[in-house]
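Bear in mind these aren't lab numbers, they're just calculated from the coordinates by the rules spelled out. The shown structure was predicted, so the numbers you read here are calculated from the model rather than taken from an experiment. Please note: Cβ atoms are built from the backbone with ideal geometry, for glycine as well, and neighbour counts cover all protein chains shown.
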Amino acid sequence: MTTTRQHPEETDRGDVVDLLLAQHGRIEELFRAVRGSSGRAKQEAFEELTHLLSIHETAEEEIVHPAARTSIDAGDEVVQARLAEEHDAKELLAGLMKLDVQTPEFDAELDRLRIAVYEHAKREERYEFMQLRAAHPPERLVRMAGALRAAEKIAPTRPHPGVESATKNLLLGPPTALVDRVRDAVRDAMRD
Amino acid sequence: MTFDPLTTQGIPLERQLRNWRELDVTPLDPDDTDPYTRCRVIVMNGIEVEAIMFSHHLARTCPDPEVKRQLAYTRYLEAQQQRVVNWLLPPIASTLETTIAYEQVAVDLTAWVARMEPDPYLKQAYEFGVLEDFDHLYRYANLFEMVERRKAEKVVDQLTEVMPGRPTKMHHRHPYDNVRDPYDRTTVDPLSKMHALTVMSAEQQTMNFYMNVGPQYMEPIARQLYQEIGLIEEEHVTHYESLVDPGETWWERLVNHEYNEVYLYHSFMTQESDPRVRAIWELHLNMELAQLHQAVELFRRHDGREPEEILPRELPVPVTFEPNKEYLRHLLATQIDLTTLGAGYVREAHERFEKMQEALHGGEQPPSEEVIDLHRERFGDEYRIETEGPHPVERLRETAEARR
């Protein structure tokens with residue numbers, strides 16, 4: 001008997017950093033799932049990974065990076081470096097989506113993406129998220145978690161390299177009403 | 001065919017120096033690495049750190065400038081070995097992930113040593129200690145999920161169970177009670193000397209690691225837990241180092257150190273699944289042989305003795321990383337309530353223990369308890385990996401409602 005438990009909902013009580021960390025953890029699990037499966041299961045795991053990566057990165061670009069840019073030390077430089085990494089990762093992901101998951105080329109490209117995403121996530125955790133947590137009061141960080149979730153709900157579910165800014169992400173698709181909802185959520189989250 | 005470290009030629013010392021390109025090793029990929037490969041890396045790092053620090057201490061008491069120069073040279077080589085070994089650790093792993101791997105080492109290495117140890121008093125020392133590292137693994141695993149939102153299973157796989165051992169708060173003994181009796185160097189099985197040196201070095205590195213990385217955390221519970229467990233590692237180093245006969249000469253101890261490095265690199269080379277890492281173990285084994293021969297020469301010259309008087313007749317059974325689940329469950333069921341009194345073990349909480357506990361806890365919950373309470377509060381349960389059924393000690397089973 002093995003008992004290791006899942007905690008799908010626990011982040012609902014956490015702040016935006018908890019939510020981001022949980023999603024990083026989930027992304028790592030999905031990479032392992034894609035690598036450890038074949039056939040239909042592999043395709044499904046990859047689709048889930050594509051979906052989560054896309055909405056996660058978009059929501060970071062809309063909510064997290066703008067907040068970090070103005071509130072942490074050397075925010076501009078830190079965020080600029082993260083955006084460049086996100087751009088590269090999106091290009092890798094877009095290329096990967098054109099390949100058949102059963103091919104060796106897919107596995108090789110997946111590995112490049114995996115390492116790029118792991119390194120990017122670790123840099124965010126070390127150089128951005130922890131500073132963000134120190135720079136904002138806990139209530140605001142909890143509100144930002146709500147804004148992040150709202151942004152993910154309307155974010156594009158496929159990668160779009162080249163739109164690493166909040167405005168461009170929002171121009172990409174969602175109807176105006178939804179855009180406004182996210183803007184409201186962001187404004188509420190950042191209010192004192 | 002027996003491999004005799006005393007007669008097998010290694011790489012001559014003057015050819016052991018490595019350049020930057022050779023030192024710049026590609027780190028492990030955590031998704032592709034056997035957890036026990038990472039364990040072997042952590043052990044050999046601890047062994048090399050001890051080799052370096054031992055040589056520094058020896059040099060500080062050594063009046064002969066020529067010998068000092070020889071020691072400095074070989075120590076530099078050992079320092080390069082340490083850099084190569086420890087730089088195998090993945091940069092994309094967090095400190096806490098590495099911490100969990102350190103505790104997996106402490107559990108499965110100490111359990112192996114306990115199982116193989118021929119001397120009953122020494123065996124008891126390892127059996128006593130392993131139940132504490134086992135509990136540390138459980139506390140850190142709960143911290144890991146809380147502050148990094150990841151599961152310890154991704155580090156330890158299902159090779160090592162994660163559940164309560166002897167509760168960490170009970171590890172805080174009066175320092176007097178951490179001093180054990182030493183083995184007798186003239187009668188002890190040489191394997192026992194290797195065991196003591198190995199476990200002492202691993203625990204010492206764990207202590208160094210926790211006392212240095214702990215303050216880097218921002219979360220108060222993480223800072224506090226590293227401080228608490230870091231202090232227990234201080235107790236563990238005291239516990240294990242006191243097993244070593246203080247009557248061993250400096251040169252005798254140098255030979256023991258070098259022989260032990262040969263023994264461990266050889267052990268790990270024979271079982272390593274990662275070919276790239278195996279090549280490093282093999283290279284380092286060949287380097288260690290020449291380092292051992294140099295130590296033997298110094299021992300002959302200064303002590304006028306032969307290495308055969310102090311070393312195993314042949315290389316002992318390789319130290320092996322493998323699951324020890326059944327053995328640990330047996331120890332949990334039979335030894336969880338032990339503490340120490342003087343150099344022995346008792347079941348009752350004696351006066352000196354109680355006084356130490358009172359002075360340290362001051363009627364409050366220590367961080368090791370708080371981390372579990374906080375986890376229960378935030379997640380509704382504890383993080384555990386129980387692959388072999390419910391906890392062998394009934395009172396340490398998680399309640400049904402906590403398990404949801």
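Quick one: putting +1 on the C-beta of Lys and Arg, -1 on the C-beta of Asp and Glu, what dipole do you get for the range B:13-403 around its Cα centre, in Debye to the nearest 20? Numbers along the way, then the final one.
Values: 42 positive and 71 negative charges, 138 e Å.
Value, rounded to 20: 660 debye.
Just need the Rg to Rh number for the range B:168-274, please, alpha carbons only, Kirkwood Rh.
When Rh is taken as the Kirkwood radius, the ratio is 1.06.
Note down the magnitude of the dipole of the range A:15-190 about its Cα centre, charges +1 on Lys and Arg C-beta and -1 on Asp and Glu C-beta and zero elsewhere, to the nearest 20 debye.
Numbers: 24 positive and 33 negative charges, 71 e Å.
It works out to roughly 340 debye.
GluC sites (Glu not before Pro) within the range B:297-361: which are DSSP loop residues with at most 16 other Cβ atoms inside 10 Å?
Working: sites: B:GLU297, B:GLU308, B:GLU309, B:GLU314, B:GLU326, B:GLU348, B:GLU351, B:GLU354, B:GLU358; in loops: B:GLU314, B:GLU348.
Passing sites in the range B:297-361 are B:GLU314, B:GLU348.
Separation of the range B:39-97 and the range A:129-147 by C-alpha centroid, Å?
The distance from the Cα centre of the range B:39-97 to that of the range A:129-147 comes to 42 Å.
Test of the criteria: in the range B:127-201, which GluC sites (Glu not before Pro) are in a DSSP loop and have at most 15 other Cβ atoms within 10 angstrom of their Cβ? Walk me through the numbers before you get to the answer.
Values: sites: B:GLU127, B:GLU132, B:GLU145, B:GLU148, B:GLU153, B:GLU161; in loops: B:GLU161.
Counting only loop positions with at most 15 other Cβ atoms within 10 Å, none of the GluC sites (Glu not before Pro) in the range B:127-201 qualifies.
Using the crude model of +1 on Lys and Arg Cβ and -1 on Asp and Glu Cβ, and no other charge, please compute the dipole size for the protein assembly as shown relative to its Cα centre, in debye to 20.
Dipole size: approximately 840 debye.
Under 17 Å from a label point 7 Å along Cα→Cβ of B:ARG69: give me every residue in the range B:7-33 with its amide N that close.
Within reach of a label on B:ARG69, which here means backbone N under 17 Å from a point 7 Å along Cα→Cβ, the range B:7-33 contributes B:13-15.
So what is the diffusion coefficient of the range B:290-399 in µm² per second by Stokes-Einstein at 37 °C and 0.692 mPa s, using a Kirkwood Rh over Cα pairs?
On the way: Rh = 19.8 Å.
The estimated diffusion coefficient comes to 166 µm²/s.
Looking at the range B:295-328, which trypsin sites (Lys or Arg not before Pro) are DSSP coil and have at most 15 other C-beta atoms within 10 Å of their C-beta?
B:ARG305, B:ARG313
Along the three principal axes, how long is chain B when you take its alpha carbons, biggest first, rounded to the nearest angstrom?
Principal-axis extents of chain B (Cα, largest first): 66, 47, 40 Å.
Which one of B:SER267, B:THR26, B:THR37 is farthest out on the positive end of the charge dipole of chain B, using unit charges on Cβ (Lys, Arg +1; Asp, Glu -1) and the Cα centre as origin?
B:THR26
For the range A:15-190, treating each Cα as an identical point scatterer without solvent, what Debye log10 I(q)/I(0) comes out at q = 0.08, 0.12, 0.17 1/Å?
-0.24, -0.54, -1.04
Name the residue from B:ALA111, B:LEU96, B:LEU396 whose Cα lies farthest towards the positive end of the charge dipole of chain B, charges +1 on Cβ of Lys and Arg and -1 on Cβ of Asp and Glu.
B:LEU96
Under 10 Å, Cα contacts only: if you run a Gaussian network model on chain B, which one of B:GLY380, B:GLY363, B:GLY214 comes out with the highest mean-square fluctuation?
B:GLY363
Sorted from fewest to most neighbouring beta carbons within 10 Å, what does the list B:CYS62, B:CYS39 look like?
B:CYS62, B:CYS39
Calculate the tail of P(r) for the protein assembly as shown: the fraction of all Cα-Cα distances greater than 38 Å, expressed in %.
39 percent
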